[in-house]
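Below: the structure, in structure tokens.
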Amino acid sequence: MRYVIFAFMLTMLISGCAHKHDEIKEEHEPIKKTVWTEKLEIFIEYDKPLVGGDTGFLLHLTNLKDFSPVSEGILSLKFAPELGEPITLSIPTPESPGIYRASVVFEQKGHYALTASFEDKAFSDRFVIKDIDVIDENEKHIYEQKKDTEKGIFDIALLKEQQWAVDFMVALPEKRNIPSSFIALGELVPASNTEVTLSSPVSGIISLSKMLPYAGKRVTKGEVIAIVEPPVIQQGGIGQLIASYAEAKNRVILAEREYERAKRLYEAKAVPQRRLEEAELAIKSAKANLEPLKMALENMKMSPSDGKLTIKSPLSGTVSDLFISNGKAVEAGQPIVKIINISTLWLQANVPASKIGKLQNLNKATFNIEGLKDTFSPSRLVVINPIIDPYTRTVPVIFEVNNRRGLLKVGMFANVSITTGFVENALSLPEEAIFEDEGRNFVFIQKDGESFEQREVKTGIRGNGYVQLISGLNKNERVVTKGGYYVRHASVSARMPEGHGHGHGDHGHAH
């Protein structure tokens, strides 16, 4: 909306300025000079000074701290010739925000140097503009012919009043260390050993005496989650669970003994290595079958009087899923609830296969979630998966994320910026200063206070909101870093207006 309003304002201002220009009927465009100090931008317009004539000077002062027009302060001017006494005057206040006017009569021709001093309550400043040439009537026609040959040069015009009316800023490119990074899509998932699905170890009925927790409820380690009442037919109960546990434990013992025997035979070169590997796999399989039975016995407590089983949570966390309700029959091994500890999450970034080489120098990562304004940083790198997903052609990279505040949720998608190094002392600009058109990048360079040029540049890496400049710009050229869209809109005008109608009336007193 602001851009639309500005576009309308820009059109009206240019139209109005052109109308004033027609009224004034200036034969030649005024001379323009721009000076930058650390605090101020000074843009000056004036007609070619003639000896004995009344020369008007229009000075635009912009505060470089926030690029706003100077609203108060005394401006003192001194025009010093090569020989003779200087002309001095003082302007106590701007005619309007940012604009000072002065009228000077030069008594002799030659080169003058303008020294100006500015002072207000906040700060003071000083600047010098050399080569203000004063001519006489005999030189006037030569100057006019020279100006005629200079016509036709195209620039983009954005008046100071237009710049001051919007969020606008110009700055020099700076050298800084830019992180080399790329973006990968990611997802927040439960961390390893922070997710558990509690199942009923025996067949029975989910008791109504203890209501199951609802999805989203926080539970603590050791908290009673469910009570399973014994079934009407005593099959698949605690006795079967204990028997199954004992049988699984014996299988582990037998597998360990077989492994030791295979190891001795392999060392004696009596059996091939495959026999040893098979024995090792048998141990792993037997332990995998034993573990859930062991957990089931540890997480429940049986009442000796009524045969009810109490199931407790092995960790603190949040109930993410509820698979059954109170009063329902449950089979042995059937899931009841899923609990996730979300104080620590994992961020799985799916890195394109083309970026695998950069992972060798992986430094750090940050990520953003749509809908959350914060930028988050993982606490550590967990693992870089060595296997490429054959369907997505990506490599999962896992980061650990601290989520004590609980802002992050399992299943959220993220844009992950993975930093792989730094480019030191890179000449750079804010990303907002770079525009793209048909695959080419360009910026807007300020040639003087109200004149801009579109320049194509070659860019490098991007990081932390900045873009590396490879070529097309030097460190002494000022670039529009805020409000470039307004300059781009102004560039649709055919040519730069020859004047914007600032009258050069008398203001200030020369003596």
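Within the range 40-53, residues that are under 25 Å from residue 71 (Cα atoms) reach partners that are of a type in the set (Phe, Trp, Tyr) and in a strand (DSSP E or B) with beta carbons closer than 6 Å, at six or more positions or on different chains, in the pairs 42/127; 46/57. Counting the residues of the range 327-371 that are more than 30 Å from residue 289 (Cα to Cα) and among the hydroxyl-bearing types (Ser, Thr, Tyr) gives 2.
Yes/no matrix, rows are residues, columns are (1) hydrophobic (A, V, I, L, M, F, W, C); (2) touching a residue at least 60 places away in the same chain (Cβ under 8 Å):
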site	(1), (2)
341	no, yes
355	no, yes
381	yes, no
396	no, no
406	no, yes
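Taking (1) of a type in the set (D, E, K, R); (2) in contact with a helix residue (DSSP H, G or I) (Cβ under 7 Å, 6 or more places away or on another chain); (3) within 17 Å of residue 120 (Cβ to Cβ) in turn, residue 48 satisfies each apart from (3).
All of 438, 424, 453 fail the test of being assigned by TED's automatic domain parsing to the domain that holds residue 396 and at pLDDT 90 or above, apart from 453.
Can you name the residue in the range 109-126 that is in a loop (DSSP other than H, G, I, E, B) and surrounded by fewer than 14 Cβ atoms within 10 Å (Cβ to Cβ) and, of all such residues, is farthest from the chain's Cα centre (by Cα)? Checking each candidate, the answer is 121. Exactly one residue out of 383, 351 is hydrophobic (A, V, I, L, M, F, W, C), touching a strand residue (DSSP E or B) at 6+ places or on another chain (Cβ under 7 Å) and either exposed (fewer than 14 other Cβ atoms within 10 Å of the Cβ) or assigned by TED's automatic domain parsing to the domain that holds residue 227 (or both), and it is 383. The requirement of being surrounded by fewer than 20 Cβ atoms within 10 Å (Cβ to Cβ), at negative phi, at pLDDT 85 or above and part of a strand (DSSP E or B) is fulfilled nowhere in the range 486-507; no residue meets it. Here residue 71 meets each of (1) surrounded by 18 or more Cβ atoms within 10 Å (Cβ to Cβ); (2) among the hydroxyl-bearing types (Ser, Thr, Tyr); (3) at pLDDT below 95 with one exception, condition (1). Every condition in (1) surrounded by 16 or more Cβ atoms within 10 Å (Cβ to Cβ); (2) assigned to a strand (DSSP E or B); (3) touching a residue at least 40 places away in the same chain (Cβ under 8 Å) holds for residue 445 except the one numbered (3).
The residues on offer are 356, 342, and the sole one that is surrounded by 12 or more Cβ atoms within 10 Å (Cβ to Cβ), hydrophobic (A, V, I, L, M, F, W, C), under 30 Å from residue 200 (Cβ atoms) and modelled with pLDDT under 90 is 342. Are any of the residues in the range 306-327 more than 30 Å from residue 212 (Cβ to Cβ) and of a type outside the set (S, T, N, Q)? No - not one qualifying residue is present in the range 306-327.
The values are calculated or read from the model by the stated rules, or taken from the named source; none is laboratory data. Owing to the predicted nature of the structure, the values given are computational and were not obtained by experimental measurement. Because the Cβ atoms are built from the backbone with ideal geometry, glycine has one as well, and the counts that use them run over all protein chains shown.
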